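The values are calculated or read from the model by the stated rules, or taken from the named source; none is laboratory data. These numbers were taken from a predicted model, which means no experiment stands behind them. We place every Cβ from the backbone using ideal geometry, glycine too, and count neighbours over all the protein chains shown.
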Amino acid sequence: MRLSIAFANLKPGTGKTTSAVLLAYALHRRGRDVVLVDADPAASALAWSDAVGGFPFGVYGLAVKDAGRRLSGLGGQDSVVVVDLPQAEDHGAIVRSVLRRVDEVTIPVAPTTIEIERTSGIADLLDEVEEVRQDPARVAVLLNRVVGGARSGPDARAALTELGYEVLGPQIPRREAYALAYGAEPDIRGGDPFDLLAETYLKRAAL
Ligand SMILES: Nc1ncnc2c1ncn2[C@@H]1O[C@H](COP(=O)(O)OP(=O)(O)OP(=O)(O)O)[C@@H](O)[C@H]1O
Ligand SMILES: [Mg+2]
């Protein structure tokens, strides 16, 4: 495994599964050896894969309390592993186990006050996990469901930065195509926000 990226949040419905799957497609399109891990007992990424007759990369269900430890056994030495986590408020053990091991932890957040405030729960969990990690994780917020041209996007970026988060450069717009992505074959092209996100992770890992 060359790089591992987990999408995490305290609450459900923040865009973890959509972002994990579309990022996996973007990395695959860039020629990377991708492994997608569905660590959510709800298994929505696995169901999505089934709905399209299988994603064109490996997809594993790993909704177990030692998911983090098992990640290193997946894929080859060049694999980029993308992990879709369940909401931490209900599945703390699975989430903690993965946060202990991955290189990148990404918190998808919509540019609303309520979602920004709710990041404190996952930040607390990350602080706790940091004490037992060998190296610190690269933790960042991904702005998701950003309305084009509205002030909420830049305002949220400023507020999250003020709270001490790193906010990833690429942000994901609120788009009908993303809202309808679940269960269909994704079409992620060069220049798509998820392609730019893939590029950002590869750069951060010097890959
Ligand atoms: N960028 C986006 N634009 C529009 N809709 C989006 C976007 N990202 C996610 N959604 C929609 O938001 C909802 C929640 O997304 P998703 O299922 O990816 O979240 P989740 O964090 O995985 O939720 P859960 O914790 O329940 O697994 C879905 O209906 C999805 O289609
Ligand atoms: Mg999900």
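Test LEU27 against the stated conditions and say whether it is modelled with pLDDT of 95 or more, more than 10 Å from ligand 2 (Cβ to nearest atom) and under 24 Å from ARG145 (Cβ atoms). Considered against the rule, which asks whether it is modelled with pLDDT of 95 or more, more than 10 Å from ligand 2 (Cβ to nearest atom) and under 24 Å from ARG145 (Cβ atoms), LEU27 comes out as yes.
Determine, yes or no, whether THR112 is surrounded by 18 or more Cβ atoms within 10 Å (Cβ to Cβ), more than 26 Å from ASP50 (Cα to Cα), away from ligand 2 (no atom under 16 Å from the Cβ) and touching a residue at least 40 places away in the same chain (Cβ under 8 Å). No. Apart from one condition, VAL35 fits all of (1) surrounded by fewer than 20 Cβ atoms within 10 Å (Cβ to Cβ); (2) part of a strand (DSSP E or B); (3) not aromatic (Phe, Trp, Tyr); the exception is (1). Do you know which residues across the range 178-207 are part of a helix (DSSP H, G or I) and either more than 18 Å from the chain's Cα centre (by Cα) or charged (D, E, K, R) (or both)? Across the range 178-207, the qualifying residues are ASP195, GLU199, LYS203, ARG204.
Looking across the range 115-148, just one residue is buried (at least 22 other Cβ atoms within 10 Å of the Cβ) and of a type in the set (S, T, N, Q), and that is ASN144.
Checked against (1) surrounded by fewer than 16 Cβ atoms within 10 Å (Cβ to Cβ); (2) farther than 20 Å from THR17 by Cβ; (3) among the aliphatic types (A, V, I, L, M), VAL167 meets all criteria but (1).
Hey, any hits in the range 44-61 for a residue that's under 14 Å from the mean Cα position of the chain (by Cα) and either more than 12 Å from ligand 1 (Cβ to nearest atom) or free of Cβ contacts under 8 Å to residues at least 60 places away in the same chain (or both)? Taking every residue of the range 44-61 in turn, at least one turns out to be under 14 Å from the mean Cα position of the chain (by Cα) and either more than 12 Å from ligand 1 (Cβ to nearest atom) or free of Cβ contacts under 8 Å to residues at least 60 places away in the same chain (or both). Within the range 142-175, restricting attention to residues that are assigned to a loop (DSSP other than H, G, I, E, B) and near ligand 1 (Cβ under 10 Å from one of its atoms), the residue that is farthest from ALA26 (Cα to Cα) is VAL147.
I need a count of the residues in the range 180-207 that are farther than 23 Å from GLU104 by Cα and without any contact (Cβ under 8 Å) to a residue 12 or more places away in the chain. Looking only at that region, the number is 2.
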